[in-house]
1. Does Ile84 satisfy the condition of being surrounded by 11 or more Cβ atoms within 10 Å (Cβ to Cβ) and under 13 Å from Ala98 (Cα atoms)?
2. Filter region 7-26 for residues that are surrounded by fewer than 19 Cβ atoms within 10 Å (Cβ to Cβ) and among the small types (Gly, Ala, Ser); which is farthest from His58 (Cα to Cα)?
3. Name the residues in region 41-61 that are in contact (Cβ under 8 Å) with a residue 40 or more places away in the chain and not charged (D, E, K, R), would you?
4. Could you list all residues from region 12-26 that are out of contact with any Ser or Thr (no Cβ under 8 Å at 6 or more places or on another chain) and either closer than 16 Å to Arg108 by Cα or not charged (D, E, K, R) (or both)?
5. Got at least one residue in region 106-122 being within 28 Å of Arg8 (Cβ to Cβ), surrounded by fewer than 16 Cβ atoms within 10 Å (Cβ to Cβ), among the charged types (D, E, K, R) and in contact with a helix residue (DSSP H, G or I) (Cβ under 8 Å, 6 or more places away or on another chain)?
6. Would you say Leu44 is modelled with pLDDT under 95 and within 20 Å of Arg130 (Cα to Cα)?
7. Yes or no: region 33-42 includes at least one residue that is β-branched (Val, Ile, Thr), more than 11 Å from the chain's Cα centre (by Cα) and under 20 Å from Asp99 (Cα atoms).
Amino acid sequence: MSDVITRRLAEARRRVTRYSPEEAARAVEDGALLIDLRPLEYRLRNGEIPGAVSVSRHVLEWRLDVSSEWRLKELAAGDLDREIILICNEGYTSSLAADQVMGLLGLRDVKDVVGGFAAWQAAGLPTVPRLIRAAPPD
């Protein structure tokens, strides 16, 4: 018998469509919104995907709630059908998060990336170094 989280991950993956890195890149070219869930330290160390929106996992539901004033500016109010692709470091957190936001927020087209950022990078898809951005002056 497997542990609880392994079973939960398997259940989530049965409900979530998972893209290969190449499929995700094509979907982004076609207008899908790519959301990078990796912590800042990972993005500083390994770089970022051009065009991806970084969202900390602990605020993801607020940023994806299309009825919320705190939603991402890339999401239209009430648009439950926008294709959203979540990516984390290796494809575990993103699977659980995709399943969570679909069930909780009613989003209908949330996917994740098999192997996450590590697989994206290994596939030779574009990444850029994370530049430390200075805070704007007061």
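1. Details: surrounded by 11 or more Cβ atoms within 10 Å (Cβ to Cβ): yes; under 13 Å from Ala98 (Cα atoms): yes.
Yes: the conditions hold for Ile84.
2. Ser20
3. Tyr42, Leu44, Asn46, Gly47, Ile49, Pro50, Leu60
4. Answer for region 12-26, where residues must be out of contact with any Ser or Thr (no Cβ under 8 Å at 6 or more places or on another chain) and either closer than 16 Å to Arg108 by Cα or not charged (D, E, K, R) (or both): Arg14, Arg15, Thr17, Tyr19, Ser20, Pro21, Ala24, Ala25.
5. Checked region 106-122: at least one residue is within 28 Å of Arg8 (Cβ to Cβ), surrounded by fewer than 16 Cβ atoms within 10 Å (Cβ to Cβ), among the charged types (D, E, K, R) and in contact with a helix residue (DSSP H, G or I) (Cβ under 8 Å, 6 or more places away or on another chain).
6. Details: modelled with pLDDT under 95: yes; within 20 Å of Arg130 (Cα to Cα): yes.
Judged against the criteria, Leu44 is a match.
7. The first filter runs over region 33-42 and keeps only residues β-branched (Val, Ile, Thr), leaving 35.
Within this subset, residues satisfying the condition of being more than 11 Å from the chain's Cα centre (by Cα) are none.
Scanning region 33-42, I find no residue that is β-branched (Val, Ile, Thr), more than 11 Å from the chain's Cα centre (by Cα) and under 20 Å from Asp99 (Cα atoms), so the answer is no.
Per-residue answers, yes or no, for (1) free of Cβ contacts under 8 Å to residues at least 40 places away in the same chain; (2) aromatic (Phe, Trp, Tyr); (3) touching an Asp or Glu at 6+ places or on another chain (Cβ under 6 Å):
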{"site": "Asp65", "(1), (2), (3)": "no, no, no"}
{"site": "Ser94", "(1), (2), (3)": "no, no, yes"}
{"site": "Leu107", "(1), (2), (3)": "no, no, no"}
{"site": "Phe117", "(1), (2), (3)": "no, yes, no"}
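The values are calculated or read from the model by the stated rules, or taken from the named source; none is laboratory data. None of these values were measured; they are calculated from a predicted model. We place every Cβ from the backbone using ideal geometry, glycine too, and count neighbours over all the protein chains shown.
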